[in-house]
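Take a look at the structure set out below.
The values are calculated or read from the model by the stated rules, or taken from the named source; none is laboratory data. For clarity, every value in this text was computed on a predicted model and none was experimentally measured. Positions of Cβ are backbone-derived with ideal geometry, glycine not excepted, and every protein chain shown enters the neighbour counts. What goes into the accessible areas is simple: the full protein's heavy atoms, side chains included, and nothing from ligands, DNA or RNA. Shrake-Rupley method; radii C 1.70, N 1.55, O 1.52, S 1.80 Å.
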Amino acid sequence: MLSDFTPMTTLATADEQRSRDFYEGVLGFVPQEGTMDEGVVYGSGAGAFFVYPSAFAGTNRATSMSFTVDWDRFDQEVASLRDAGIAFDTFEMEGLVWEDGVAVTEGMKSVWFSDPDGNILNLQSELG
């Protein structure tokens, strides 16, 4: 059954070097050993994600990858992203209240931002 296996997020890029500059230089990810001929695999927590060249880069308008952060580290991670020049996206959604680019609901905080190809990334935390 597929449920026995760990999935790997895959993100398309139009410019592999630009993506490497973003994921490694801005967000601080380190390529895993044995990176593919085209594309690069980054470890993250217990998982990984793959960034690969594609003519379809930037066509997804939905969240591509989410990171769950402990509640007590969320504000620190958001500050680090801001310090790295990341601008957060906001949008209309029933029940969301925005506080300085951070979506806040009862017991949850989230931010969304895009990589250079428009892949939407999310950082979220839940209380409790």
- Pair list, Cβ under 8 Å, 6 or more apart: the stretch 108-125 residue surrounded by fewer than 21 Cβ atoms within 10 Å (Cβ to Cβ), other residue part of a strand (DSSP E or B) and acidic (Asp, Glu): Met108/Glu126; Trp112/Asp89; Phe113/Asp89; Ser114/Asp89; Ile120/Asp89
- Message: From the list Gly128, Gly39, Gly95, exactly one residue is within 21 Å of Gly25 (Cα to Cα), more than 14 Å from the chain's Cα centre (by Cα) and modelled with pLDDT under 95. Which is it?
- Response: Gly39
- Could you tell me whether any residue of the stretch 24-45 is in contact with an Asp or Glu (Cβ under 8 Å, 6 or more places away or on another chain) and exposed (fewer than 14 other Cβ atoms within 10 Å of the Cβ)? yes
- Query: Could you say whether any residue in the stretch 63-74 is within 15 Å of the chain's Cα centre (by Cα), within 21 Å of Leu123 (Cβ to Cβ), open to solvent by 70 Å² or more (accessible area, probe 1.4 Å) and of a type in the set (D, E, K, R)?
  - Reply: no
- Residue count, the stretch 1-23, condition in contact with a strand residue (DSSP E or B) (Cβ under 7 Å, 6 or more places away or on another chain) and either open to solvent by less than 60 Å² (accessible area, probe 1.4 Å) or in contact (Cβ under 8 Å) with a residue 40 or more places away in the chain (or both), comes to 10
- Note on the structure: Listed by first then second residue, the pairs whose first member lies in the stretch 78-91 and is over 17 Å from Phe29 (Cα atoms), whose partner is assigned to a helix (DSSP H, G or I), with beta carbons under 9 Å and at least 6 positions apart or on separate chains, are Phe88/Val78; Phe88/Leu81; Phe88/Arg82
- Task: Search the stretch 13-36 for residues being among the polar types (S, T, N, Q) and farther than 19 Å from Ile120 by Cβ, and hand back the single one that is modelled with the highest pLDDT.
- Result: Gln17
- Item | Subset of the stretch 49-58 (residues that are surrounded by fewer than 16 Cβ atoms within 10 Å (Cβ to Cβ) and among the hydrophobic types (A, V, I, L, M, F, W, C)) | Ala55, Phe56
